[in-house]
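See structure below.
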Amino acid sequence: MRRRLCRADELAEGTARGFVFGAGAERRALFVLRHGGAIRAYRNACPHQGTPLEIVPDQFFDSARRHLLCRTHGARFRPSDGACVAGPCLGRNLTPTPVRVEDGLLILDDPD
Ligand code: FES
């Protein structure tokens, strides 16, 4: 799956944005973030129970913008590698998904 997500400059430091593509068995939910100047993307599924991390659209960071936060049971994840650092899935990771910048656009290169 190769898709244009948004312009890279629309993603400010310490923010994230969710995307959903397809439906049913083909449904894919992911989010992209910018943290420490780096842009990364993860599947939007908590390793604890598989639910989306956010409740309010695009609210993936905690209030300090230090960690990603699962709103279901409060797991916290490092933005740099998706590792859970607190909560019920401690030691597990968000699933990264490949994203790159091309001509100022964020491009998803997801093999699924
Ligand atoms: S579903 Fe994310 S912490 Fe439980």
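Apart from one condition, PHE77 fits all of (1) touching a His at 6+ places or on another chain (Cβ under 7 Å); (2) within 13 Å of the ligand (Cβ to nearest atom); (3) on the phi > 0 side of the Ramachandran plot; the exception is (3).
Hey, could you check segment 39-63 for residues that are of a type in the set (A, V, I, L, M, F, W, C) and part of a loop (DSSP other than H, G, I, E, B) and say which is surrounded by the most Cβ atoms within 10 Å (Cβ to Cβ)? It comes out as PHE60. Taken over segment 86-104, the criterion of being closer than 21 Å to ALA8 by Cα and open to solvent by less than 50 Å² (accessible area, probe 1.4 Å) is satisfied by THR97, VAL99, GLY104.
Conditions (1) within 16 Å of MET1 (Cβ to Cβ); (2) small (Gly, Ala, Ser), marked per residue:
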residue	(1), (2)
VAL32	yes, no
ILE55	no, no
ARG78	no, no
GLY82	no, yes
LEU108	yes, no
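Any residue that is open to solvent by 60 Å² or more (accessible area, probe 1.4 Å) and part of a strand (DSSP E or B) - is there at least one of those in segment 64-77? Yes - at least one qualifying residue is present in segment 64-77. Exactly one residue out of PHE31, PHE21 is within 16 Å of the ligand (Cβ to nearest atom) and of a type outside the set (Gly, Ala, Ser), and it is PHE31.
The values are calculated or read from the model by the stated rules, or taken from the named source; none is laboratory data. This structure is a prediction, so every number in the text was calculated from the model and none was measured. For neighbour counting, all protein chains shown are included, and Cβ atoms are generated from backbone atoms with ideal geometry for every residue, glycine included. Surface accessibility is based on the protein's heavy atoms, side chains included, excluding ligands, DNA and RNA. Shrake-Rupley method; radii C 1.70, N 1.55, O 1.52, S 1.80 Å.
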